[in-house]
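The values are calculated or read from the model by the stated rules, or taken from the named source; none is laboratory data. Predicted model only: the values in this text are computed from it and were never measured. Cβ placement follows ideal geometry from the backbone for every residue including glycine, while neighbour counts extend to all protein chains displayed. The protein model used for the area step is the full one, side chains on, heavy atoms only, and it has no ligands, DNA or RNA in it. Shrake-Rupley method; radii C 1.70, N 1.55, O 1.52, S 1.80 Å.
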Amino acid sequence: MPPVIPGFDQHRVPVADGVALHTAVGGSGPPVVLLHGFPQTHLMWRHVAADLAADHTVICPDLRGYGASDKPAETDGTGYAKRTMAADIVALARALGHERFALAGHDRGALVAFRAGLDHPDTVTHLACLDVLPTLDMWDVMRGVTAAVGFHLYLMAQPPGLPEHMINAAPDAFFGHFLDIWSTDRHAIPDEVRAAYLAACRAAVPSIVADFRASAGVDVEHDRTDREAGGTLRMPVSVLQQDWGAALGFDAAALWRAWAPDLRHTTVSCGHFMAEEAPDDVAKALRELFAR
């Protein structure tokens, strides 16, 4: 059996036709939903979730297409749009009895959280995004040889077939590469957790690629439509981010501020997997956000 978050109950919650999300729930109090990143599962929140559960109801799902959640086949290019995945999360919270909730996401989960904040402003009370840029801005800053750090974005943006074939040829090498190079503390992801991440990814190559492919297509269209309409995030927003701008030549806080008028942007010194490398700092930042 894969590791679990101690003290959390495991649920399987239907959120859309033919789609149920595997979800860990613990604690009591105001609800907060925590969305994982790539190449991980909800287990990445194990330390932060245990901390927040002291005074919050903490909901940690595996996203559609990841972990033990359902992985519907992509049929029309919208099955893994962040709009679709955000609707999953709103439906999940509602099924668990919560019409409004705070929301935090890391990496891919942060893109889902961002879209949820734009599409469901009366539902998401507070929003935290960890170590991403909004999709539209991400593609704008990825240029030149420094963009090689995002090679996987370009690979998985290709039409169906080749990316899946290449990744399936050596899935542990592919997914393990990111667990290695994006971390500054190799002990932050213990062997049993790493093994659980790799096993989950091996079983989800088509849906993971579909998630990334959506971010090179429909997600960009949705972001551009909101930008042209002047759409912004109406709730308090906190962003925790490595200093990507120093390497790629952009002002991350300024990019985020265009979307989030009520923004606190913090540059962190840990690696990408901050909820596992610096969980106390992340939990503290989330509590500060919830108090705004």
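For the stretch 224-245, enumerate the residues that are open to solvent by 80 Å² or more (accessible area, probe 1.4 Å) and either at pLDDT below 95 or acidic (Asp, Glu) (or both).
Glu228, Asp243
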Task: Among (1) within 20 Å of Leu289 (Cβ to Cβ); (2) open to solvent by 10 Å² or more (accessible area, probe 1.4 Å); (3) of a type in the set (A, V, I, L, M, F, W, C) - the single one Phe8 does not satisfy - done: (1)
Task: helices (runs of 4 or more DSSP H) completely within the stretch 75-144 that count 1 or more residues being open to solvent by less than 10 Å² (accessible area, probe 1.4 Å), over 24 Å from Pro14 (Cα atoms) and modelled with pLDDT of 95 or more - done: 135-141
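Here is a list: Thr23, Thr41, Thr57. Which entry is farther than 21 Å from Val218 by Cα, touching a strand residue (DSSP E or B) at 6+ places or on another chain (Cβ under 6 Å) and open to solvent by 10 Å² or more (accessible area, probe 1.4 Å)? Steps first, please.
Details: Thr23 fails: open to solvent by 10 Å² or more (accessible area, probe 1.4 Å); Thr41 fails: touching a strand residue (DSSP E or B) at 6+ places or on another chain (Cβ under 6 Å).
The unique qualifying residue is Thr57.
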Task: Selection status of Asp55, part of a loop (DSSP other than H, G, I, E, B), more than 17 Å from Leu127 (Cα to Cα), among the charged types (D, E, K, R) and in contact with a Gly (Cβ under 9 Å, 6 or more places away or on another chain) - done: yes
TODO: Determine if the stretch 10-17 includes at least one residue that is free of Cβ contacts under 8 Å to residues at least 60 places away in the same chain and among the β-branched types (Val, Ile, Thr).
DONE: no
Open item on the list: Being without any contact (Cβ under 8 Å) to a residue 40 or more places away in the chain and of a type in the set (A, V, I, L, M) is the filter here; which residues of the stretch 56-115 pass it?
Closed with: Ala86, Val90
Task: Residues (touching a helix residue (DSSP H, G or I) at 6+ places or on another chain (Cβ under 8 Å), open to solvent by 20 Å² or more (accessible area, probe 1.4 Å) and part of a helix (DSSP H, G or I)) located in the stretch 155-179 - done: Leu155, Glu164, Met166, Asn168, Pro171, Asp172, Phe174
Task: Criterion (assigned to a helix (DSSP H, G or I) and at pLDDT below 95) met by exactly one of Ala196, Ala200, Ala148 - done: Ala148
